[in-house]
Amino acid sequence: MLGRAHRARESSGACESTRACERLNYPMLPKIAAKTYNMSAHVCSVGESAHEQNSSARHADLGDFRVGEKRAEAWHPDDNGKIKTMPDYAIESITTWDARFPLPDGAGMDALHTNSEYCFAVTLLGSRDGLCGTGIALTLGEGNRLVCEAIELLARPLANMEIEELMSDFGRMSRRLADDPSLRWLGPHKGVIHLALASITNACFDLWAKSRKLPLWKLLIDLTPEEVVRLLDLSYLEEILGEQDALELLRSRIADRPERMSVLRSGYPGYDTSVGWISYDDRKVRELTARAIDQGFRAFKLKVGSAENGRDLRRAAMLRECIGNSGTLMFDANQSWSLPVAIPICRSLAAYRPLWIEEPTHPDDIRAHVTLAEQIAPVKIAAGEHIPNRILFKNFMQAGGLHYVQADCTRLAGVSEFLTVSFLAKKFGLPVAPHVGDMGQLHQHLVLFNHVALGHQILFLEHIPHLRSHFVFPAHLKDGRYAPPQEPGASCDLRLVSGKNP
């Protein structure tokens, strides 16, 4: 049954978590509400044995990122080539958490989104022995509760399913959930329902990786091409990307995989998107940029779309001066311009040599993106944060309306649809530079798969540090590069939910 819970400060069940956060000296406590759908008397706990490991050991050699050994000793082929499995894990409870994290003044603000509160609609899939899959989807405020309520409705078909059975043909299950006959009408495949599907899907992948005792990137890279393709819902893409096309993309890159495995030692480069929030004054932008350069970052993003174009141009010149000619600079308008406004301001911003201009106009207006791409060439367009599904990504790619694909597994229907969009991008010869609604936690796994298995070029992974203290295993960066995570799972567990201390 579904039971309603209260905010963390009011609920006796959550107060202990709140006190734990107070002991951690968090500057601002997140607000949380939870609901649980129990299929048995089992109580879900994120604190499984893998989380008891000493996380400091994962980066003992900071001069060269270490690649962990495969941890699933009982997970190997038998003499007939079939997989011997550990005891399977059935989903015994489904819990949603409405987790909200107030940000410091000005952080997270852009031209249109002025609410400094990051929110996660969290799905917890509880299984036996305390093993729990955590999934997240990003929102920015009160709408988070709507996504949590949608999770409860959408996730019910997962009750009592064993995780290996579920993931053996997840593409089919993903389509079944997305096409729920009573909920599909609300989209289809966009908005609150699709965000809920993102959280659910991400929890499934996290539980799967934990059950195999592997970090998600390792699990995905080790899968056969056939196993990967069964994770995807390729419906409505068949004329461009069918199952055989997807298989061929993977098989064609097997021979040269060893050449790309070096990323597991060097780490994946990040770019700092937190130096240039739109409300920051010039002094703060300079200070944060200098600090980021000291931390090894060489690529930076500035929010544009100010009420006065002159302010955007002044800040662009200032940031270019701060990072020098060798630094990489990107601009993000967050949809604030109409096409007649976007054309001249993008041409003016071109003087500062941006790698891309992101979300220059309304995300549904494919024709405007195409026109803009023609008018401001050779300046490139990045988009994807608000392109809600694989079908619209296909349309953008076919039309030539974007050059950098900013897929986000907390805005699309989770890991599965992110991978599908990555296959599409490879088919069209476009690079993937994810938007990180997860703060980079889950995407640090996915960019490794994209490079090693699909042959996508190494580009950048966005870095947003504001929620770092709230994750059980926050992403580790050295010299501006993401180290491959070593703990089992998808790196999405939250301390307030799990009750874990650092």
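The values are calculated or read from the model by the stated rules, or taken from the named source; none is laboratory data. What you are looking at is a predicted structure, and each value in this text was computed from that prediction instead of being measured. Cβ coordinates were reconstructed from backbone atoms using ideal geometry, including for glycine residues, and neighbour counts include every protein chain displayed. Just the protein is used for accessible areas: all its heavy atoms, side chains included, with ligands, DNA and RNA removed. Shrake-Rupley method; radii C 1.70, N 1.55, O 1.52, S 1.80 Å.
In table form, for the structure just shown:
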{"quantity": "Filter result for the condition that a residue is farther than 30 Å from GLN375 by Cα, in contact (Cβ under 8 Å) with a residue 24 or more places away in the chain and part of a helix (DSSP H, G or I), over HIS451, HIS466", "calculated": "HIS451"}
{"quantity": "Subset tally (residues that are assigned to a loop (DSSP other than H, G, I, E, B) and surrounded by 14 or more Cβ atoms within 10 Å (Cβ to Cβ)) for region 145-167", "calculated": "3"}
{"quantity": "Test: LEU461 is closer than 25 Å to VAL229 by Cα, within 15 Å of the chain's Cα centre (by Cα) and crowded, with 23+ Cβ neighbours inside 10 Å", "calculated": "yes"}
{"quantity": "Residue count, region 241-264 (criterion: within 28 Å of ALA178 (Cβ to Cβ) and open to solvent by less than 40 Å² (accessible area, probe 1.4 Å))", "calculated": "6"}
{"quantity": "Residue within region 309-316 that is on the phi < 0 side of the Ramachandran plot, open to solvent by less than 20 Å² (accessible area, probe 1.4 Å), touching a strand residue (DSSP E or B) at 6+ places or on another chain (Cβ under 7 Å) and small (Gly, Ala, Ser) present", "calculated": "yes"}
{"quantity": "Filter result for the condition that a residue is β-branched (Val, Ile, Thr), in contact with a strand residue (DSSP E or B) (Cβ under 6 Å, 6 or more places away or on another chain) and buried (at least 17 other Cβ atoms within 10 Å of the Cβ), over THR201, THR139", "calculated": "THR139"}
{"quantity": "Complete set of residues in region 204-223 that are buried (at least 24 other Cβ atoms within 10 Å of the Cβ) and acidic (Asp, Glu)", "calculated": "ASP206"}
{"quantity": "Failed condition for HIS435, given (1) of a type outside the set (A, V, I, L, M, F, W, C); (2) open to solvent by 10 Å² or more (accessible area, probe 1.4 Å); (3) under 21 Å from ARG260 (Cα atoms); (4) not in a helix (DSSP H, G or I)", "calculated": "(3)"}
{"quantity": "Selected residue (criterion: surrounded by the fewest Cβ atoms within 10 Å (Cβ to Cβ)) from residues of region 325-371 that are among the aliphatic types (A, V, I, L, M) and in a loop (DSSP other than H, G, I, E, B)", "calculated": "LEU355"}
{"quantity": "Residue ID - surrounded by the most Cβ atoms within 10 Å (Cβ to Cβ), chosen from residues in region 267-305 that are touching a strand residue (DSSP E or B) at 6+ places or on another chain (Cβ under 7 Å) and in a helix (DSSP H, G or I)", "calculated": "ALA292"}
{"quantity": "Considering residues of region 173-185 that are farther than 17 Å from SER199 by Cα and not hydrophobic (A, V, I, L, M, F, W, C) only, the residue most open to solvent (accessible area, probe 1.4 Å)", "calculated": "PRO181"}
{"quantity": "Single condition ASP282 does not satisfy, out of (1) of a type in the set (Asp, Glu); (2) touching a Lys or Arg at 6+ places or on another chain (Cβ under 8 Å); (3) in contact (Cβ under 8 Å) with a residue 40 or more places away in the chain", "calculated": "(3)"}
{"quantity": "Qualifying residues in region 406-446 (those that are among the basic types (Lys, Arg) and farther than 19 Å from CYS492 by Cβ) - the one nearest to the chain's Cα centre (by Cα)", "calculated": "LYS426"}
{"quantity": "Qualifying residue in region 469-480 (condition: open to solvent by 20 Å² or more (accessible area, probe 1.4 Å) and of a type in the set (Ser, Thr, Tyr))", "calculated": "yes"}
{"quantity": "From the options VAL421, VAL452, VAL436, VAL447, residue that is in contact with a Leu (Cβ under 6 Å, 6 or more places away or on another chain), of a type in the set (Val, Ile, Thr) and closer than 30 Å to ASN395 by Cα", "calculated": "VAL447"}
{"quantity": "Residue among SER182, SER199 that is modelled with pLDDT of 95 or more and hydroxyl-bearing (Ser, Thr, Tyr)", "calculated": "SER199"}
{"quantity": "Subset of region 118-144 [farther than 16 Å from ILE94 by Cα and part of a helix (DSSP H, G or I)]", "calculated": "ASN144"}
{"quantity": "Residue in region 380-389 that is open to solvent by 20 Å² or more (accessible area, probe 1.4 Å), among the small types (Gly, Ala, Ser) and under 29 Å from the mean Cα position of the chain (by Cα) present", "calculated": "no"}
{"quantity": "Some residue of region 195-202 being among the β-branched types (Val, Ile, Thr) and within 21 Å of LEU392 (Cα to Cα)", "calculated": "yes"}
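For every residue, the table says whether it meets (1) out of contact with any strand residue (DSSP E or B) (no Cβ under 6 Å at 6 or more places or on another chain); (2) over 25 Å from ARG251 (Cβ atoms); (3) in contact (Cβ under 8 Å) with a residue 12 or more places away in the chain; (4) of a type in the set (A, V, I, L, M, F, W, C).
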site	(1), (2), (3), (4)
SER174	yes, no, yes, no
SER182	yes, yes, no, no
ALA196	yes, yes, yes, yes
TRP208	yes, no, yes, yes
LEU219	yes, no, no, yes
